[in-house]
Amino acid sequence: MSAAFAALTAIFAKLGVASIDPDLATFIRTVVILVVLGGILVLRGRFQPLASISGRTYAFLALSGMATGAS
C-alpha cells in the first residue's frame with residue numbers, strides 16, 4: 001500500500017503544480033499533511049503536550065524540517 005500511495009502522491013503532485021508555483025504547491029500539500037496527521041494523532045490518542053518535548057528534540061526536528069525544505 002505504501003508504494004501505491006507514493007505513486008498517487010507523484011501523480012497528484014504533478015497534476016497539482018500544473019498551474020501554480022511549485023513552492024506554493026509544496027506549501028499547500030504541507031498544510032494538508034499537517035491537518036491530516038494532527039487528526040490521526042488525536043484520534044489514536046498519541047498527541048502529547050508540546051511542553052513535554054525536550055529542546056534537543058525540537059532542535060533536531062527543526063533541522064530535519066529545514067533540510068527537507070531545502071531539498
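How about the chain: which trypsin sites (Lys or Arg not before Pro) there lie in a loop by DSSP and see at most 14 other Cβ atoms within 10 Å? Answer in residue order: 44, 46. Seen from residue 36, the other residues with C-beta closer than 15 Å to its C-beta sum to a net charge of +3, counting Lys and Arg as +1 and Asp and Glu as -1.
Counting only alpha carbon atoms, the long axis of helix 22-43 and the longest principal axis of the chain meet at about 50°. Taking square-rooted eigenvalues a ≥ b ≥ c of the alpha carbon gyration tensor, is region 28-71 rounded, prolate or oblate, where a/c under 1.5 means rounded and, failing that, a/b exceeding b/c means prolate? Note, shape of region 28-71 comes out oblate.
Rule-based calculations on the coordinates, nothing more; no lab input. Since we're looking at a predicted model, the values are computed, not measured. Here Cβ is always computed from backbone atoms with ideal geometry, including for glycine, and neighbour counts include all displayed protein chains.
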